[in-house]
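Right, one structure below, let's go through it.
Here, each number is a calculation from the coordinates, and none is a lab measurement. On a predicted model such as this, the values are computed, not experimentally measured, just so you know. A quick note on method: Cβ atoms are made from the backbone with ideal geometry, for glycine too, and the neighbour counts reach across all protein chains shown.
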């Protein structure tokens, strides 16, 4: 199958499938993107960005790259990429830093913590695993047509709108 002129195959891989699916699929992807992206950006990334100066020397450094680099990476993955996933801009590419961050959180930072703990949830693997599952689902499924990616991606001529 050939791709339309000006639509390189790698762009379709990063953006798609963004069009041509059933409306229920696209609505479901919108709910997933808004929910997971919004909670990640505003519940995790924004508080880190707002407290950047006080956290820069005490933020966990599980990869050994320095507290400040770890904090900046977490802010990029959680706030910036969370917002990009929310609005559906380079959605698949934008999920990768979040997925990486959640893998580090669940399997390195919380490696010795239990899977579930009633309180406080910061000392369990479960929150990071829930986000990991949600963002991997978005990575696999794509943004859906109700996204910026879906709006700029040309329709697939082999599928009716």
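Per-structure values
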read-out	value
Near pairs, Cβ below 6 angstrom, 6+ apart or cross-chain, from the range 103-115 (crowded, with 17+ Cβ neighbours inside 10 Å) to any residue that is outside any helix (DSSP H, G or I)	104/62; 106/125; 109/60; 109/62; 110/125
The range 26-38: number of residues that are closer than 18 Å to residue 128 by Cα and surrounded by fewer than 18 Cβ atoms within 10 Å (Cβ to Cβ)	3
Single match in 52, 67 (criterion: surrounded by fewer than 16 Cβ atoms within 10 Å (Cβ to Cβ), closer than 16 Å to residue 104 by Cα and in contact with a helix residue (DSSP H, G or I) (Cβ under 9 Å, 6 or more places away or on another chain))	67
